[in-house]
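Just so it is clear, none of the values below were taken in a lab; they were calculated from the coordinates. Here the structure is a predicted model, which means the values were calculated and not measured. Using ideal geometry, Cβ is built from the backbone for each residue, glycine included, and neighbour counts are taken over all protein chains shown.
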Amino acid sequence: MTTVRTFFILGIFCALSSVAIFGAVSSVSITQSGSASGNCTSNVQTPAFFNNSANWGSGASQIGPGTVVLFCGTFTGTAGQAGFTFQGSGSSTSPVTLKFDTGAVMTAPYWGGATTGAINCTGQSYVTVDGGTNGTIQNSANGTALGNHQSSYGLFFNSCPDAEIENLTIRNIYINQGGASTSTDVGGQNTGDISLQGKSTNTKIHNNVLSNSRTGIWISFDSGGDASGIQLYNNTINDHPWSINIGADNTNSTASGVSIHDNVISDWSNWQFPIATYHTDGIIVYNDVTTAPIGTYSIYNNTFTGTLGNGSPTGYIACGETSACTIFNNVMVDTGSYACYGYIWLYISGGPDYVYNNTLIGSSTTSGSSVAVTLDGSPVTVKNNIFLNVAIGLHDYATLNLDVVASDHNLWLTTGGGAPQVATNDSKWITYSAWQALGFDANSVTSNPLLSSTYVPQAGSPVIGRGANMTTMGISALDADKVGTPRAGTGNCTPGIAGCWDAGAYAYSSASTPPPPPIGVSATSK
């Protein structure tokens with residue numbers, strides 16, 4: 001006899017079967033011609049299929065939640081073409097995924113324009129772009145010495161929250177040659193590798209290789225936009241004046257809980273001039289109004305190499321204007337001439353900011369001008385850092401001893417082997433000893449840190465046990481060093497400092513590798 005239980009189980013089976021039968025198609029292949037190529041051997045379509053909204057939905061042959069769209073071969077676009085545009089959304093458990101086959105390339109003289117690029121999304125959610133092994137987006141003729149000087153983007157997403165962008169190589173969106181003071185090219189202003197506009201909450205951008213455009217990752221949350229929960233990590237970003245820019249200009253905009261970590265950032269040499277057009281920064285976050293909600297950012301485990309140059313540099317990390325940043329475990333290595341603001345710049349009505357366990361190595365050529373941390377009205381705590389080859393330790397455009405909540409357990413050293421000066425109100429300079437007399441840096445030192453070529457403290461280094469124990473901050477990533485070595489008292493502590501850590505981004509016991517060198521650039525300044 002058939003039981004109620006049997007009918008119930010059969011009913012579930014039928015319901016699940018109907019989802020499998022009548023849900024969106026599981027996979028679609030796209031090639032430029034619609035013919036089989038590479039791993040695109042079944043259900044092969046042309047790009048027009050992806051860009052037609054009639055082919056999106058829950059029908060058995062439509063693109064929808066859970067569909068993987070595989071791109072194969074080379075897609076050659078015309079100048080200014082908007083390549084592919086998502087026409088629908090995925091779901092929290094089943095995103096729509098656009099994946100590049102091995103060797104797949106999208107190339108055009110320049111993709112898109114001021115608000116479009118090679119891959120676009122407007123008003124959709126839960127979409128993924130996966131470059132696979134080596135998927136590439138590139139322009140072939142956009143830049144100073146090339147045939148076009150146009151706005152262009154690799155990816156342009158407008159109010160597409162819960163997206164994921166991974167494993168892509170995006171290059172040559174704009175090849176600029178602005179290394180000389182006589183440079184006049186401003187055509188690269190509105191170019192970027194990855195641009196997010198409006199509401200971009202909970203988006204992840206990771207494991208991408210980005211080079212040659214105005215901005216590597218450009219996130220604008222103007223006019224009530226929201227960048228909260230964004231994670232940017234494990235990206236290699238080279239040859240941009242702004243490597244990562246997150247900003248807004250609206251009191252209704254917010255960006256809380258943003259995480260920027262484990263990125264490798266280098267080379268600003270081709271974007272120095274004209275100075276009215278391009279500023280050079282590694283990571284810059286801001287909201288240009290003082291009454292907006294505070295944006296909160298965690299910036300950690302990043303590596304910066306190269307010089308910001310002598311054009312209009314700001315900082316390897318710039319945080320301000322209603323932004324509050326916790327900055328730790330970063331390594332900054334200046335390889336040239338740097339003469340403005342500060343390696344870390346905290347400015348205008350932001351904060352509170354925290355600067356912990358960073359290793360900053362200034363260049364010997366900057367000994368007369370380099371500034372470790374510059375403030376402009378932001379309250380800051382500075383602890384457990386190594387600041388080597390800096391002429392000025394702390395500089396404030398307001399009142400330094402009021403903006404600095406605490407500064408201690410650091411190592412400060414100039415190229416000449418002495419203590420750096422401290423400056424306040426632009427023109428009031430005080431000696432390091434006078435700074436200590438105000439109650440700051442009582443447990444800090446001004447001696448050779450004895451670092452290896454990979455910036456790890458060696459035996460006998462004065463930074464071993466120099467740092468304060470910061471576990472009470474409740475930041476799990478801070479409780480380990482840049483390569484994940486747990487921070488704990490090892491018995492090598494400086495007497496009188498209980499439960500101490502080592503100062504700097506690396507613990508004494510770490511076996512770390514040096515920051516990778518800047519990847520090759522496509523153009524050189526003349």
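Students often get this wrong: which residues of region 284-327 have the backbone nitrogen under 13 Å from the point 7 angstrom along Cα-to-C-beta of residue 251?
Label zone hits: 289-293.
Hey, what do the phi angles of region 227-234 turn into as Karplus ³J(HN,Hα) couplings, whole Hz, using 6.51/-1.76/1.60 and θ = phi - 60°, x for Gly and Pro?
With the stated coefficients, region 227-234 comes to 9, 5, x, 5, 10, 10, 8, 6 Hz.
Could you tell me the relative contact order of the chain? Use alpha-carbon pairs under 8 Å, at least six residues apart, and round to a whole percent.
Relative CO of the chain lands at 7 percent.
Given the rule -39500 (n - 2.57) for each run of at least 4 DSSP H residues, summed and divided by the residues of the chain, what is its mean residue ellipticity at 222 nm, to the nearest 500 deg cm²/dmol?
-1500 deg cm²/dmol
For the peptides 70-78, 170-178, 468-476, what is the packing order when you average, over each peptide's residues, the other Cβ atoms within 10 Å and list the highest mean first?
My ranking of the peptides, most packed first, is 170-178, 70-78, 468-476.
So, counting K/R as plus one and D/E as minus one, what does the shell of residues with Cβ under 11 Å around residue 162 add up to?
+1
Gap in Å between the Cα centre of region 125-139 and the Cα centre of region 273-293?
Answer, in whole Å: 28.
Stokes-Einstein at 37 °C, 0.692 mPa s, Kirkwood radius from Cα pairs: D for the chain in µm² s⁻¹?
Translational diffusion coefficient: 135 µm²/s.
Hey, with R₀ at 45 Å, roughly what FRET efficiency would residue 294 and residue 453 work out to, going by the Cβ-Cβ distance, to 0.05?
0.70
For region 291-516, what is the charge dipole size about the Cα centre, in debye to the nearest 20, if Lys and Arg each add +1 at the Cβ and Asp and Glu each add -1 at the Cβ?
In total the dipole reaches around 360 debye.
In whole Hz and in residue order, list the ³J(HN,Hα) couplings for region 177-193 that follow from phi through the Karplus curve 6.51 cos²θ - 1.76 cosθ + 1.60, θ = phi - 60°; x for Gly and Pro.
10, x, x, 9, 5, 8, 5, 10, 5, 10, x, x, 3, 9, 10, x, 7
Sort 380-390, 29-39 by the packing proxy (mean of other Cβ within 10 Å over each peptide's residues), most packed first.
Taking the mean over residues of other Cβ atoms within 10 Å, the ranking is 380-390, 29-39.
Rounded, prolate or oblate: which one fits region 244-355, using the alpha carbon gyration tensor with axes a ≥ b ≥ c (rounded when a/c is under 1.5, else prolate when a/b beats b/c, else oblate)?
Taking the square roots of the gyration eigenvalues as a ≥ b ≥ c, region 244-355 is oblate.
I'd like the Karplus ³J(HN,Hα) series for region 301-311: coefficients 6.51, -1.76, 1.60, θ = phi - 60°, whole numbers in Hz, and an x wherever there's a Gly or Pro.
Coupling constants for region 301-311: 6, 8, 10, 10, 9, x, 10, 6, x, 10, x Hz.
Using +1 at the Cβ of each Lys and Arg and -1 at the Cβ of each Asp and Glu in the chain, identify which of 314, 275, 132 lies farthest towards the dipole's positive end.
Farthest along the dipole direction, towards plus: 132.
Place the peptides 187-195, 282-290 in order of packing, highest mean first, counting for every residue the other Cβ atoms within 10 Å and averaging per peptide.
187-195, 282-290
Quick one: angle between helix 4-22 and the longest Cα principal axis of the chain, in degrees between 0 and 90, rounded to 10, please.
Approximately 80 degrees, to the nearest ten.
Quick one: which residues, 5 or more positions from residue 280 or on another chain, have an amide H under 5 Å from its amide H? H modelled 1.01 Å from N in the peptide plane, none for Pro or chain starts.
Under 5 Å from the amide H of residue 280: 312, 314.
With a ≥ b ≥ c the root eigenvalues of the C-alpha gyration tensor of region 291-516, is it rounded (a/c under 1.5), prolate (a/b larger than b/c) or oblate?
The shape class here is rounded.
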